[in-house]
Amino acid sequence: MSVTHRLTAPAPGWTAATDVVVVGSGVAGLTVALNVRKAGLRAMVVTKAVLDEGSTRWAQGGIAAALGEGDTPEQHLDDTLVAGAGICDEEAVRTLVTEGPDAVRRLIATGALFDRGEDGEILLTREGGHHRRRIAHAGGDATGAEISRALVAAVRTDPGIELIEHALVLDLLTDTEGHAAGLTLHVMGEGQRDGVGAVRARAVVLATGGMGQVFSATTNPAVSTGDGVALALRAGAAVTDLEFVQFHPTPLWVGPDAEGQLPLISEAVRGEGAHLVDADGVRFMVGQHELAELAPRDIVAKAITRRMQEQGADHMFLDGRHFGAEMWEHRFPTILATCRAHGIDPVTAPIPIAPAAHYASGGVRTDPRGRTSVPGLYACGEVACTGVHGANRLASNSLLEGLVFAERIAADLAGRHAAGELPERTVDVAAARAARPVPLPPSEARAEIQRLMSRGAGVLRSAASMADAAAGLALIAEQAHSHVAEEKPADPRVETWEAANLLLVATALVAAAAQREETRGCHWREDFPERDDAHWRRHLITTLAASGDPVSTPEEQ
């Protein structure tokens, strides 16, 4: 297999070499890097901003694992399968919940400091979909920041890990056998490594995070533009379950025209007893699910959206006034400060909230060892689809998934290295040059892509809404091709590369969502409101056709 499509970009002006190149610096990427070092392999971490600016640092609630008295991996498995709405890979979930507790303990040994009670035991809370308190947290509501701090500190002190910050990954490089042999990237800065370059490696690990920026309103940072999924598609890899985008029920509502990254009000606030209410103070989740406000996220997001539609409102409220000032200040200091910065004091007033794009349950298809369908290319974290999340991720399983499957990738690479199955790779230069360059849309296309996706493929979807989105996306692609034909192409730069990645993942997402004619998990079809296990208890596998268009094919039942 060779790469058939690539982003339009200048030829690499510099080269570097390592054993394993890891793209992304969240919990998944840094865990891979630290663990391959234990096997004696050199690692290079490439990150788009600085080491601690990915999605991990924004995770507030915590990391889920069966650490508490009376809790078991089997109970954690049951909750995960229920949330996943029938299409989780049960063996992948079993791997997650059984290896998870020890993985968290190893994270603690690396230096992560979780909140503990007076008895020294880790404090645990509940979140949506969990029947037990099994969410470990740090700094009250700053878990991701603490995990990021500990891993970054460990990585920075390891001389065998090279860091390239402010670097946008472009495309995969392969050898003559179609095995991953490195990648191209663009470094945003000045110095010896500036502009487009190439990194040669024995294996490539994608840990690039999500694609929330494909929508106008999201909890994801600005760097989450689907770069890893887009690279994988262009490299010929299969992606799965792209239609299952989780909308978090309770981002802070900051106005009707809010765009970009919105502040998140953690599910842990509801876990500690805050109520969802409408403008009249009515708790509308009571009676809709046995767990009320702590139902799985898809159920809560749909209930909020329905209530908004019924009342003609653009937001609902989260009421935690009964917590009192002391609890807000000690348990949720980050959220308290964020709300007050926006003129809201949750001690004395309900918090306005509205759902926003939060997490991609699908991604690059992997096996239990993190291997993709392209030899030598691995994926873990939000960019990957391990089968753990199914149609809807269970709260706080994301950090755990990144941790567990990163360790499994590192173990696989160590085993291959010990067996002599990880030789140095030579880039197939002819194949790299032959790959078809993808025309770049102008940078302003990003806002139009987000508008089309929010309107046509957001919380509520229908055949008509997605047809409109698909037509708009196709027009953007056609215009990019026309500009090339007219010798007026968009300049290859970070903004246009990101727009091209967003356009590709948006087109792939709509193609998959339009095919799935049912409502399941976080995929909500107004025209097919029921779950259809007879026809759709299976996955959609998306690849790139020779034309460059995404094609989604139902997995055989």
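Observations on the model:
- Among beta bridges identified by DSSP and lying wholly in the chain, the antiparallel ones come to about 60 percent.
- Over region 399-494: Rg over Rh, Cα atoms, Kirkwood Rh: 1.18
- Over region 438-541, equivalent-ellipsoid semi-axes from the Cα gyration tensor in Å: 31, 12, 11
- FRET efficiency for V82 and E444, using Cβ-Cβ distance with R0 set to 45 Å, rounded to 0.05: 0.60
- Relative contact order [Cα under 8 Å, 6+ residues apart], region 250-356, whole percent: 35 percent
- Relative contact order computed over region 438-541 (Cα-Cα under 8 Å; 6+ residues apart), in percent: 35 percent
- Bins of 20 Å from zero: percent of alpha-carbon pairs in the chain: 23, 58, 19, 0
- Theoretical FRET efficiency, 1/(1+(r/R0)^6), r = Cβ-Cβ of T15 and R116, R0 35 Å, to 0.05: 0.15
- Size of region 502-543: Rg and Dmax of its alpha carbons, in Å, are 10.8, 33.
- Long-range HN-HN contacts of L170 with modeled amide H, under 5 Å: T184, L185, H186
- About the Cα centre, charge dipole magnitude for the chain (Lys/Arg +1, Asp/Glu -1 at Cβ), debye: 840 debye
- Aspartates and glutamates with Cα under 20 Å of K38, excluding same-chain neighbours fewer than 8 positions away: D19, E99, D102, D158, E162, E407, D412, E421, E424
- Estimated translational D of region 271-402 in µm²/s (Stokes, Kirkwood radius over Cα pairs; 20 °C; 1.002 mPa s): 125 µm²/s
- By average C-beta atoms within 10 angstrom, highest first, the peptides 223-235, 129-141, 486-498: 223-235, 129-141, 486-498
- Length gained when the stretch H289-I108 is fully extended (0.36 nm per residue, less Cα-Cα span): 61.6 nm
- Zone of S482's modelled label, taken as backbone nitrogen in region 427-442 under 15 Å from a point 7 Å along Cα→Cβ: 440-442
- Here each label is just a point 7 Å from Cα along the line to Cβ, and for L475 and E530 those points are 3.7 nm apart.
- Over the chain, relative contact order from alpha-carbon pairs under 8 Å, at least 6 apart, %: 21 percent
- Summarising the label geometry, the points placed 7 Å from Cα in the beta-carbon direction at E556 and V429 lie 4.3 nm from one another.
- Length gained when the stretch A341-E69 is fully extended (0.36 nm per residue, less Cα-Cα span): 94.1 nm
- Dimensions of region 442-500 along the principal axes, based on C-alpha atoms and rounded to the nearest Å, stand at 38, 21, 11, largest first.
- Estimated translational diffusion coefficient (Stokes-Einstein, Kirkwood radius over Cα pairs, 4 °C, 1.567 mPa s) of region 317-373: 92 µm² per second.
- Pairwise centroid distance, computed over Cα atoms, of region 1-78 with region 496-523, Å: 23 Å
- Long-range HN-HN contacts of V438 with modeled amide H, under 5 Å: R6, L7, T8
- The helix-only estimate of mean residue ellipticity at 222 nm for the chain, built from DSSP H runs of length n ≥ 4 each weighted as -39500 (n - 2.57), is -11000 deg cm²/dmol after division by the residue total.
- Neighbourhood charge, 14 Å Cβ-Cβ cut-off, centred on H417 and excluding it, Lys, Arg +1 and Asp, Glu -1: +3
- Extension gain, D367 back to S462 (0.36 nm per residue minus Cα-Cα distance, nm): 31.0 nm
The numbers here are math on the coordinates, done by the rules we state, and not lab data. Since the structure is predicted, the reported quantities are computational estimates derived from the model, not experimental observations. Quick reminder, even Gly has a Cβ in these numbers, built from the backbone with ideal geometry, and neighbours come from all protein chains shown.
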